[in-house]
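Worksheet: the structure to be examined is printed underneath.
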């Protein structure tokens, strides 16, 4: 498995390391430690500063690997001069990793890993993207939320979640929020999805929930808190994802405001 770990060299960004090691622990693989700097906008020597920070980050990562007794993980540094989003996309298309792992800051926070950048990358990245809020305290990704609007691709999407997070023993919560409409129709659609998934031999557990709430935003927050949800997974469509897939239910900011890891990937 090959992972691009995008870093801004901040102490907060170190919370990405346990996730990378978890995903590589069973089979080993490669971590491409990525950072982009913009030398032409800096008075000081941004390249030299970035190179020193990269050495320190490599030392920290190697120390964590050694501490956990892992011997089958290779680290490759990748420093690039240019806009972080553009360079990360360029590298992703070039080396085709299995996953991009990055931190994200809250709305209104500017910088290399600001929230708007991860939102943009969700719809552009050609490979799965796992983004983790800088204030999130690490815990294994066992309790995972998948919000469904009964799209015809749901079964394949859920299978992909299990494949990407296969190092964990997943308990996947497949949830639909009902504001109005026909509860009986939603119940029938959920049952059909459950029957389809029953024959897909997924390595983990699933539960299916219909949640009646006048505010899906509040409903999702409450459900995540009550069920100790550690990650939310969804598929960003190429155009108007948030308007199409979660129309009248959950918005992009609702997911980000959960402050938990978010896994996105394409069909």
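The values are calculated or read from the model by the stated rules, or taken from the named source; none is laboratory data. Note that the structure is predicted; figures quoted are calculated from it, not measured. Cβ: placed from backbone, ideal geometry, glycine included. Neighbour counts: every protein chain shown.
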Q) Only one residue in 266, 240, 171, 259 is surrounded by fewer than 20 Cβ atoms within 10 Å (Cβ to Cβ) and either at pLDDT 90 or above or in contact with a helix residue (DSSP H, G or I) (Cβ under 6 Å, 6 or more places away or on another chain) (or both), so which one is that? A) 171
Q: For the stretch 49-59, state whether one or more residues are in contact (Cβ under 8 Å) with a residue 12 or more places away in the chain, more than 18 Å from residue 99 (Cβ to Cβ), in contact with a helix residue (DSSP H, G or I) (Cβ under 7 Å, 6 or more places away or on another chain) and in a helix (DSSP H, G or I).
A: no
Q) Does residue 221 satisfy the criteria of being more than 22 Å from residue 139 (Cα to Cα), free of Cβ contacts under 8 Å to residues at least 40 places away in the same chain and either within 24 Å of the chain's Cα centre (by Cα) or not in a helix (DSSP H, G or I) (or both)? A) no
Q) residue 26 fails exactly one of the following numbered conditions: (1) assigned to a loop (DSSP other than H, G, I, E, B); (2) within 21 Å of residue 93 (Cα to Cα). What is the number of that condition? A) (2)
Q) Has the stretch 36-48 got any residue that is modelled with pLDDT of 90 or more and either under 20 Å from residue 120 (Cβ atoms) or in a helix (DSSP H, G or I) (or both)? A) yes
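For the stretch 224-237, name all the residues that are surrounded by 13 or more Cβ atoms within 10 Å (Cβ to Cβ) and modelled with pLDDT of 70 or more.
As a first pass, look at the stretch 224-237 and keep what is surrounded by 13 or more Cβ atoms within 10 Å (Cβ to Cβ): 224, 227, 229-237.
Those that are surrounded by 13 or more Cβ atoms within 10 Å (Cβ to Cβ) and modelled with pLDDT of 70 or more: 224, 227, 229, 230, 231, 232, 233, 234, 235, 236.
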(Q) For the condition in contact with a strand residue (DSSP E or B) (Cβ under 9 Å, 6 or more places away or on another chain), surrounded by 15 or more Cβ atoms within 10 Å (Cβ to Cβ) and closer than 18 Å to residue 266 by Cα, what is the one hit in 193, 202, 145? (A) 145
Q) What tally of residues in the stretch 1-18 results from selecting those that are surrounded by fewer than 22 Cβ atoms within 10 Å (Cβ to Cβ) and not in a loop (DSSP other than H, G, I, E, B)? A) 7
Q: Name the one entry in 152, 139 that is touching a residue at least 40 places away in the same chain (Cβ under 8 Å) and not in a helix (DSSP H, G or I).
A: 139
(Q) Return the residues of the stretch 155-168 that are surrounded by 20 or more Cβ atoms within 10 Å (Cβ to Cβ) and touching a helix residue (DSSP H, G or I) at 6+ places or on another chain (Cβ under 7 Å); say none if nothing qualifies. (A) 158
Q: Identify all residues within the stretch 55-108 that are on the phi > 0 side of the Ramachandran plot and over 17 Å from the mean Cα position of the chain (by Cα); write none if there are none.
A: 69, 82, 108
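Does residue 3 satisfy being at pLDDT 95 or above and within 24 Å of residue 170 (Cα to Cα)? If you could, list the steps in order and put the result at the bottom.
Values: at pLDDT 95 or above: yes; within 24 Å of residue 170 (Cα to Cα): yes.
For residue 3, the condition - at pLDDT 95 or above and within 24 Å of residue 170 (Cα to Cα) - is met.
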Q | Members of the stretch 105-129 that are farther than 16 Å from residue 86 by Cα and either modelled with pLDDT under 85 or outside the structural domain of residue 8 (by TED's automatic domain parsing) (or both) | A | 105, 106, 107, 108, 109, 110
